[in-house]
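Below is one structure, written out as structure tokens; the observations come after it.
The values are calculated or read from the model by the stated rules, or taken from the named source; none is laboratory data. All figures in this text were calculated on a predicted structure; none of them were measured in a lab. Cβ placement follows ideal geometry from the backbone for every residue including glycine, while neighbour counts extend to all protein chains displayed. We work out accessible area using only protein heavy atoms, side chains counted, and drop any ligands, DNA or RNA first. Shrake-Rupley method; radii C 1.70, N 1.55, O 1.52, S 1.80 Å.
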Amino acid sequence: MTRFDLAVIGGGINGCGIARDAAGRGLAVCLCEMDDLASGTSSRSTGLIHGGLRYLEYYDFRLVRESLREREVLLGIAPHVVQPLRIVLPYRRGLRPAWLLRLGLFIYDHIGGRKRLPPTRMLDLARDPAGIPLKPRKFRTGFAFSDCRADDARLVVLNARDAADRGAAIRTRTKVVMARRHDRHWEITVEDQASRRRDIIAARALVNATGPWVEETLASCLGVQPPAHRRARLVKGIHIVVPQLFDHGGAYMFQNSDGRFIFALPHEGAHTLIGTTERDFSGNPAEVAAAAEEIQYLCDAVSEYFAQRVCATDVVRSYAGVRPLYDDRVGDAAAATRDYVLELDAPPEGAPLLSVFGGKITTHRRLAEVALDRLAPFLPSPNRHRAGWTAFATLPGGAACEAAALAQKLASDYPFLEPSHRGRLAATYGERAQRILAGARTTADLGRAFGATLTEAEVRYLMAEEFARTAADVLWRRTKLGLAFSDNDAAALDRFMAVASAPQTAR
Ligand code: FAD
């Protein structure tokens, strides 16, 4: 039986963040993910690395401050995948008054130690380029404020890669089916989802970071009696992707007439991403999907603002996710806290279990730090990195510089690459793009071309270094190239990956 200090169940942003922090502190770590990394909620977010302006309305100052601080930290440790974003908030008569928006944005600019991003500016939408896509004469003023965005699934994979670089075992397609306390350890039964082979590992401490599955894991895998009240509140949110509605590089945050906010963001070249919704959810999180009325709701909401009406027939893709929120028993799903709660169960004679409720992509690093601090009394202290090290150590590929500067360097080192190709590689892999391109002098040197600038060299890198096994892993979670791939092209990629991963037989 292989023994670890810490076992983590769940390869979403929180599980991978915790595995990374623990491995860097010198602990022996094993992370098990039943599907692909980020296949749960962590690839279905809006992708904002933000303080959450709207949480100020719920007086959630602690969360906003911490999230804004994390925004700065993530910009520093992952400058290739976290990009500054200007968001335009048009003033709309009859909804929140302009003075309230101004006050909220003033607080937002000042409570989180903003250093790298520009402050809020008032806009004359009759003259500013951000006014052009909007309904003429309806929105005269607005505010442009700063936040950031990132590819959510890439942040997950980079955390997992870094954890593995620091010694963690990352086991994807491996489900934890049972865990029991035994002699101050956990004995954990894991099942390979391809072969159905079972194996037992031991760990001194266990983390349940299974997101929307957190309560199911407690009840069915860990045999923990459910308490009288639920602690997880599952709230579904959907997004739609439509052909590009604006091209000035910024984004919009629209006030909807029901009091909610809707975002419209630039997305994968010539598209716009619109989201999101908030509805209580029950059922299997793996089967969540956008309903027709939710798609219509988003189309109607943004059509209040854009000159061009958005219809359900314009939607080229929709996706849904389930927020695993901590249940603070407020009535409205939109008002439920986005803060995280870590529940530690450490009986005097037994090994500790830490369960994660809530959290955001934005706060994952800090959540991991708090989780490890809570578990520290139960774990050895091998004295490698100290608590807090993740605030300064760059994620894989992030050491050199921002994506734009790196794309320029790739242009001089690999002049045969198309600008869109080198820009994508820089923003996806940072300086590790060099590992994909090493030695290439022509496009042909990168091997088979699968379409949309995806080459064999990149796919082989993703299989060897980033735990990718299927076309869906590559097209929707390691990259977001899926929109540019037909079903046939994706099937061809799947076939290639199956052959490439098959064990070589001796001739
Ligand atoms: P998950 O990502 O769901 O990971 C849990 C993992 O556990 C899954 O991969 C699952 O397969 C695995 N698992 C479950 N059971 C087992 C088992 N028995 N064995 C092994 N593995 C198991 N946050 C932001 O910061 N910014 C945003 O803009 C933002 N927008 C959002 C928009 C929407 C619509 C939604 C739904 C969320 C948004 N969030 C945002 C929140 C954020 O996405 C989530 O808080 C975060 O992804 C949760 O991560 P997690 O690791 O807890 O859960």
SER45 vs (1) under 14 Å from the mean Cα position of the chain (by Cα); (2) not in a loop (DSSP other than H, G, I, E, B): all pass except (2)
Here the qualifying pairs (Cβ atoms under 6 Å; residues six or more apart or on different chains; first in segment 27-54 and within 24 Å of ILE188 (Cα to Cα); second among the acidic types (Asp, Glu) and surrounded by fewer than 24 Cβ atoms within 10 Å (Cβ to Cβ)) come out as LEU27/ASP5; ALA28/ASP5
Scanning segment 200-224 residue by residue, those in contact (Cβ under 8 Å) with a residue 40 or more places away in the chain and of a type in the set (D, E, K, R) turn out to be ARG204
- Does ALA472 qualify as being surrounded by fewer than 18 Cβ atoms within 10 Å (Cβ to Cβ), in contact (Cβ under 8 Å) with a residue 60 or more places away in the chain and farther than 18 Å from PRO396 by Cα? yes
Restricting segment 4-46 to residues that are of a type in the set (Asp, Glu) and within 11 Å of the ligand (Cβ to nearest atom), the one surrounded by the most Cβ atoms within 10 Å (Cβ to Cβ) turns out to be GLU33
Taking segment 436-452 and keeping only residues that are on the phi > 0 side of the Ramachandran plot and either touching a Lys or Arg at 6+ places or on another chain (Cβ under 9 Å) or in contact (Cβ under 8 Å) with a residue 12 or more places away in the chain (or both), one is left with GLY447, GLY451, ALA452
Any chance segment 495-505 includes a residue that's under 27 Å from the mean Cα position of the chain (by Cα) and of a type in the set (Lys, Arg)?
no
Within segment 383-421, the residues that are free of Cβ contacts under 8 Å to residues at least 12 places away in the same chain and either among the aliphatic types (A, V, I, L, M) or in the same structural domain as ASP373 (by TED's automatic domain parsing) (or both) are ALA405, ALA411
Exactly one of ALA368, ALA407 is within 16 Å of the ligand (Cβ to nearest atom) and either closer than 25 Å to LEU56 by Cα or modelled with pLDDT under 95 (or both), and that one is ALA368
Would you be able to say whether some residue in segment 172-190 is within 20 Å of the chain's Cα centre (by Cα), surrounded by fewer than 24 Cβ atoms within 10 Å (Cβ to Cβ), assigned by TED's automatic domain parsing to the domain that holds PRO380 and at negative phi? yes
Only one of LEU101, LEU105, LEU134 is within 18 Å of PHE246 (Cβ to Cβ) and surrounded by 14 or more Cβ atoms within 10 Å (Cβ to Cβ), namely LEU134
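The rows are residues; the columns are (1) at pLDDT 95 or above; (2) open to solvent by 40 Å² or more (accessible area, probe 1.4 Å); (3) more than 13 Å from the ligand (Cβ to nearest atom).
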| site | (1), (2), (3) |
| --- | --- |
| THR276 | yes, no, no |
| GLY283 | no, yes, yes |
| VAL310 | yes, no, yes |
| ARG317 | yes, yes, yes |
| ALA334 | no, no, no |
Please tell me if ALA160 is in contact with a Gly (Cβ under 9 Å, 6 or more places away or on another chain), open to solvent by less than 10 Å² (accessible area, probe 1.4 Å), away from the ligand (no atom under 16 Å from the Cβ) and not in a loop (DSSP other than H, G, I, E, B).
-> no
Those residues of segment 344-365 which are more than 11 Å from the ligand (Cβ to nearest atom) and open to solvent by less than 10 Å² (accessible area, probe 1.4 Å) amount to ALA351, PRO352, LEU353, LEU354
